[in-house]
Structure formats: C-alpha cells, structure tokens
Amino acid sequence: MATYEINSALTYPISLAPDTELAEILQNVQTIISTMKGTIPLDREFGIDGRVIDLPMHVAQAKLSNEIFQAIKHYEPRVTIEDISFTATLEGRLVPKVKVSV
C-alpha cells in the first residue's frame, strides 16, 4: 500500500476521465476536503462543514478532523486515512493535509 498526501490548499485541474484508478481516488479525496457542505446542489451533505470558521483553533481542528474522516469514509471508502494534520496561514486559515493509503 502506498501513502499519499493531499493538501486542500493546492488546486489541480479536474479530470473527468482520470488516466488511472489511483488518480481518480486522489482527485476524489482532494475534492472532498476542499468542498464546503451545502455547495453541491444534488448532495448538500457532500464536503466539509464550514461552521467551524469562528471557533478557537484547537476546537476547529478537532471538529474538522472528524468532518474530514467521516466525509472520506463515506464518499471514498477505497482509501485508508493515515493522518490528518493542519497548517495555519498568517490570515488564520486552517489548511488540512490528509495522508491516505491506497
């Protein structure tokens, strides 16, 4: 099993027909962690809850970790989550990084 790190701050062009199953899986995880709940018209539960925006940093990290874990488990069960970490920007934004095994 190989491990990959997905960073929600990085943007990649979306491929409607990824070359490999691995590329499809990694793109799916990237999409999950970079989408806010409520923004997908036919699936309002898809993505991560943005209501943590005004919470203290440590509380927001705990809630986001749970949200990320649950969302990936539900929408992309082909991966195993190895680690969820965060970096903070100077503006106070939390950027999740997820390590997954495929």
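The values are calculated or read from the model by the stated rules, or taken from the named source; none is laboratory data. Since the structure is predicted, the reported quantities are computational estimates derived from the model, not experimental observations. FYI the Cβ positions are ideal-geometry reconstructions off the backbone, even for glycines, and counts take in every protein chain you see.
Of all the residues that make up the stretch 36-49, how many are modelled with pLDDT under 95 and in contact with a Ser or Thr (Cβ under 9 Å, 6 or more places away or on another chain)?
Within the stretch 36-49, residues that are modelled with pLDDT under 95 and in contact with a Ser or Thr (Cβ under 9 Å, 6 or more places away or on another chain) number 2.
If I filter the stretch 50-89 down to residues being at pLDDT 90 or above and among the charged types (D, E, K, R), which single residue comes out as surrounded by the most Cβ atoms within 10 Å (Cβ to Cβ)?
Top of the filtered list is Glu67.
Examine the stretch 50-61 for a residue that is part of a loop (DSSP other than H, G, I, E, B), out of contact with any Ser or Thr (no Cβ under 7 Å at 6 or more places or on another chain), farther than 23 Å from Val79 by Cβ and of a type in the set (Gly, Ala, Ser), and state whether such a residue exists. Outline the logic, then answer.
At the first step, the residues of the stretch 50-61 found to be part of a loop (DSSP other than H, G, I, E, B) are 55-56.
Then keep just the ones that are out of contact with any Ser or Thr (no Cβ under 7 Å at 6 or more places or on another chain); that gives 55-56.
Within this subset, residues satisfying the condition of being farther than 23 Å from Val79 by Cβ are 55-56.
Right, trim to of a type in the set (Gly, Ala, Ser) and you get none.
So far as the stretch 50-61 goes, no, none of its residues is part of a loop (DSSP other than H, G, I, E, B), out of contact with any Ser or Thr (no Cβ under 7 Å at 6 or more places or on another chain), farther than 23 Å from Val79 by Cβ and of a type in the set (Gly, Ala, Ser).
Taking the stretch 1-51, which residues are farther than 24 Å from Ser85 by Cβ, out of contact with any Phe, Trp or Tyr (no Cβ under 6 Å at 6 or more places or on another chain) and of a type in the set (A, V, I, L, M, F, W, C)?
If the condition is that a residue be farther than 24 Å from Ser85 by Cβ, out of contact with any Phe, Trp or Tyr (no Cβ under 6 Å at 6 or more places or on another chain) and of a type in the set (A, V, I, L, M, F, W, C), then Ile14, Leu16, Ala17, Leu42 are the ones that fit.
Inspect all residues belonging to the stretch 90-100 and state whether any of them is within 21 Å of Thr11 (Cα to Cα), of a type in the set (A, V, I, L, M, F, W, C), surrounded by fewer than 16 Cβ atoms within 10 Å (Cβ to Cβ) and in contact (Cβ under 8 Å) with a residue 60 or more places away in the chain.
Yes, there is a match, as at least one residue in the stretch 90-100 is within 21 Å of Thr11 (Cα to Cα), of a type in the set (A, V, I, L, M, F, W, C), surrounded by fewer than 16 Cβ atoms within 10 Å (Cβ to Cβ) and in contact (Cβ under 8 Å) with a residue 60 or more places away in the chain.
Looking at the stretch 6-26, which of its residues are surrounded by 13 or more Cβ atoms within 10 Å (Cβ to Cβ), farther than 19 Å from Arg93 by Cα and of a type outside the set (A, V, I, L, M, F, W, C)?
Of everything in the stretch 6-26, those that are surrounded by 13 or more Cβ atoms within 10 Å (Cβ to Cβ), farther than 19 Å from Arg93 by Cα and of a type outside the set (A, V, I, L, M, F, W, C) turn out to be Pro18, Glu24.
Is the stretch 22-34 home to any residue that is of a type in the set (Val, Ile, Thr) and more than 16 Å from the chain's Cα centre (by Cα)?
Applying the first criterion (of a type in the set (Val, Ile, Thr)) to the stretch 22-34 yields 25, 29, 31-33.
This time we only want the ones that are more than 16 Å from the chain's Cα centre (by Cα), so: none.
No, the stretch 22-34 contains no residue that is of a type in the set (Val, Ile, Thr) and more than 16 Å from the chain's Cα centre (by Cα).
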